[in-house]
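The values are calculated or read from the model by the stated rules, or taken from the named source; none is laboratory data. Given the structure is predicted, the values throughout are model-derived calculations rather than measurements. Quick reminder, even Gly has a Cβ in these numbers, built from the backbone with ideal geometry, and neighbours come from all protein chains shown.
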Amino acid sequence: MSNIKTAVILAAGLGSRLGKITKERPKGLVEVDGKPILDYIIESIISQGFTKIVVVGGYKAEMIGKHVRAKKYPIQFDMVYNHYYATTNNIYSLWIAFARLRLDEGFVLIESDLVFDKEVLANFKTQNAIALDIYNPEIHLGTTATVNKDGYLDALYFRPNLPNKKPVYKTVNICSFDDDTVSTLFYMLDSYIQKGDVNTFYESVIHDMVVKKNLDFKVVSFENNWWDEIDNATDLERVTKYLNSKKS
């Protein structure tokens, strides 16, 4: 098993919950405290020694490509396009990413609406791992999870379903797949796509792999790490306030 050197960023979505903010730009280029979300992510990736980034673009993807190339980041940059971003979900975007990935090439997967402490990515360089935080119903939406006694992912639960088992965790939408696991991930993704199931979440494939014992996903706790997800204007305001407070 070799160190993971590649990062995949999913950035194809419309970002419609941000309203007029994403009318002229993709969500990844929405500025938070004067800097695009995507820049925070890429700077974090570079700081932890990754050497390649694959971005899956869709909505206004040409703006992302132009922006990243203009920044001249010291890292190999590849981009692939989900031309069906308006009618597919992130399972299709992840499948599309394999146009720029080898089946023996591990990678860390990050969604383009996240901000986080850059140091946390060090946990995703050598193992199959998934980031989880304690579920807070006041701010968290989306996929939740349970963890087994050994600290590995037990199961995922999709909205509106919540696990009966406590504690309940929220997926942070950062996970990694080592080079021994990537081919299994691809073929399971491909089985969904070939059946025409393009409107589900890639987390469904992760859940299947865990249940079928094809994947032991070590949990990386984010309980003591700062992170946030920007889905709407309220999220954007909260993150901006936090970053401003760090300056004082």
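Can you list residue pairs whose Cβ atoms sit under 7 Å apart, with the first residue in the range 235-248 being more than 20 Å from Leu141 (Cα to Cα) and the second being surrounded by 10 or more Cβ atoms within 10 Å (Cβ to Cβ)? Count only pairs 6 or more apart in sequence or on different chains.
Short answer, once both residue conditions are applied: Leu243/Val32; Leu243/Asp33; Asn244/Asp33.
For the range 106-150, which residues satisfy the criterion of being surrounded by fewer than 20 Cβ atoms within 10 Å (Cβ to Cβ) and of a type in the set (Asp, Glu)?
Those that are surrounded by fewer than 20 Cβ atoms within 10 Å (Cβ to Cβ) and of a type in the set (Asp, Glu): Asp117, Glu119, Asp133, Glu138, Asp150.
Against the condition buried (at least 20 other Cβ atoms within 10 Å of the Cβ), at negative phi and at pLDDT below 95, how does Gly28 come out, does it pass?
Considered against the rule, which asks whether it is buried (at least 20 other Cβ atoms within 10 Å of the Cβ), at negative phi and at pLDDT below 95, Gly28 comes out as no.
Go through the residues of the range 79-97 one by one and say whether even a single one is touching a strand residue (DSSP E or B) at 6+ places or on another chain (Cβ under 9 Å), at pLDDT 95 or above and surrounded by fewer than 17 Cβ atoms within 10 Å (Cβ to Cβ).
Scanning the range 79-97 turns up no residue that is touching a strand residue (DSSP E or B) at 6+ places or on another chain (Cβ under 9 Å), at pLDDT 95 or above and surrounded by fewer than 17 Cβ atoms within 10 Å (Cβ to Cβ).
Quickly run through the range 85-129 and pick out the residues that are more than 15 Å from Ile9 (Cβ to Cβ) and among the small types (Gly, Ala, Ser).
Selection gives Ala86, Gly106, Ala122, Ala129.
Mind listing whichever residues of the range 176-191 are surrounded by 13 or more Cβ atoms within 10 Å (Cβ to Cβ) and either touching a Ser or Thr at 6+ places or on another chain (Cβ under 7 Å) or in a loop (DSSP other than H, G, I, E, B) (or both)?
Matches in the range 176-191: Asp178, Asp179, Thr181.
Mind checking which residues of the range 25-48 are closer than 20 Å to Asn232 by Cα, out of contact with any His (no Cβ under 8 Å at 6 or more places or on another chain) and part of a helix (DSSP H, G or I)?
If the condition is that a residue be closer than 20 Å to Asn232 by Cα, out of contact with any His (no Cβ under 8 Å at 6 or more places or on another chain) and part of a helix (DSSP H, G or I), then Lys27, Gly28, Ile37, Asp39, Tyr40, Ile41 are the ones that fit.
Residue by residue through the range 195-212, note down the ones that are assigned to a helix (DSSP H, G or I) and either more than 13 Å from Thr143 (Cα to Cα) or touching a helix residue (DSSP H, G or I) at 6+ places or on another chain (Cβ under 9 Å) (or both). Outline the logic, then answer.
If we filter the range 195-212 for residues that are assigned to a helix (DSSP H, G or I), which is where we start, we get 203-211.
If the condition is that a residue be assigned to a helix (DSSP H, G or I) and either more than 13 Å from Thr143 (Cα to Cα) or touching a helix residue (DSSP H, G or I) at 6+ places or on another chain (Cβ under 9 Å) (or both), then Glu203, Ser204, Val205, Ile206, Asp208, Met209, Val210, Val211 are the ones that fit.
Considering each residue of the range 213-241, count those that are farther than 29 Å from Gln127 by Cβ, part of a helix (DSSP H, G or I) and not basic (Lys, Arg), and give that number. Walk me through how you get there before you give the answer.
We begin by selecting, within the range 213-241, every residue farther than 29 Å from Gln127 by Cβ; these are 232-238, 240-241.
Then drop every residue that is not part of a helix (DSSP H, G or I), which leaves 233-238, 240-241.
Then keep just the ones that are not basic (Lys, Arg); that gives 233-237, 240.
Matching residues across the range 213-241 total 6.
Say whether the condition of being under 16 Å from the mean Cα position of the chain (by Cα), assigned to a loop (DSSP other than H, G, I, E, B) and surrounded by fewer than 21 Cβ atoms within 10 Å (Cβ to Cβ) is met by at least one residue in the range 14-21.
yes
Can Lys218 be described as farther than 29 Å from Asn148 by Cα and charged (D, E, K, R)?
Against the criterion (farther than 29 Å from Asn148 by Cα and charged (D, E, K, R)), Lys218 does not qualify.
Any idea which of Thr51, Thr87 is under 27 Å from Ser204 (Cβ atoms) and out of contact with any His (no Cβ under 9 Å at 6 or more places or on another chain)?
Working: Thr51 fails: under 27 Å from Ser204 (Cβ atoms).
That would be Thr87, the only listed residue that is under 27 Å from Ser204 (Cβ atoms) and out of contact with any His (no Cβ under 9 Å at 6 or more places or on another chain).
What's the number of the condition Val8 fails, among (1) under 28 Å from Lys241 (Cβ atoms); (2) outside any loop (DSSP other than H, G, I, E, B)?
Here Val8 meets the rest and fails (1).
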